[in-house]
Amino acid sequence: MQNIFFFIHENLILSIIWCFLFILSISSIIQNIFSKFILINNQKAEKLLSKEDAIIIDTRIIELFNKSHIIKSIHIPLENILSGKIEKLFLYKKKPLIFIFSDLNQIYQYTNKLNKYGFNRIYILEDSIEFWNLKDYPLISTEQLLIKK
């Protein structure tokens, strides 16, 4: 025990950094255990789409959604989630829901609201839609829709 105190005394900065990283790791583990959503990358999203028939919910502003979005994604504005106007989602309550957020700062607020409505398979696409496009996954734009009509 004396050796530990001697080490801490002689290496105070290193000990403080180690304690900080230890606390940060523990808090991250606890947060992941109690979080009500899972951050996923593009590959996991594609697996959920193909194997479990997941639904993609795009919460970006309508202009960005119209510019380009993932094929078969549904646009639901963030305000609708907070106000409870999510009738479209209740059709997919048993399926995995993959959300696309333009800002990841308020995820907890929205996912807590969705959990209150009984949605428990919530996934967040951590790689933004731009990375989806870079990996050559299919996107559709308003121009493509106009050409097909």
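The values are calculated or read from the model by the stated rules, or taken from the named source; none is laboratory data. Source: prediction; values computed, not measured. A quick note on method: Cβ atoms are made from the backbone with ideal geometry, for glycine too, and the neighbour counts reach across all protein chains shown. Side chains are part of the model used for accessible areas, which takes the heavy atoms of the whole protein and leaves out ligands, DNA and RNA. Shrake-Rupley method; radii C 1.70, N 1.55, O 1.52, S 1.80 Å.
Here are some notes:
- For segment 33-109, the gyration tensor built on C-alpha atoms gives a rounded shape. Its axis ratio a/c (a ≥ b ≥ c) stays under 1.5.
- Under 13 Å, Cβ to Cβ, from residue 94 - net charge with Lys/Arg +1 and Asp/Glu -1: +1
- Segment 19-84, relative contact order [Cα under 8 Å, separation at least 6], %: 23 percent
- Annotation: per residue accessible area for segment 28-109 equals 61 Å², rounded to a whole number [probe 1.4 Å, protein chains only].
- Note on segment 1-85: with neighbouring protein chains present and a 1.4 Å probe, carbon and sulfur make up 68 percent of its accessible heavy-atom surface.
- Summarising the amide proton neighbourhood of residue 120: residues at separation of 5 or more, or on other chains, whose placed amide H is nearer than 5 Å comprise an empty set.
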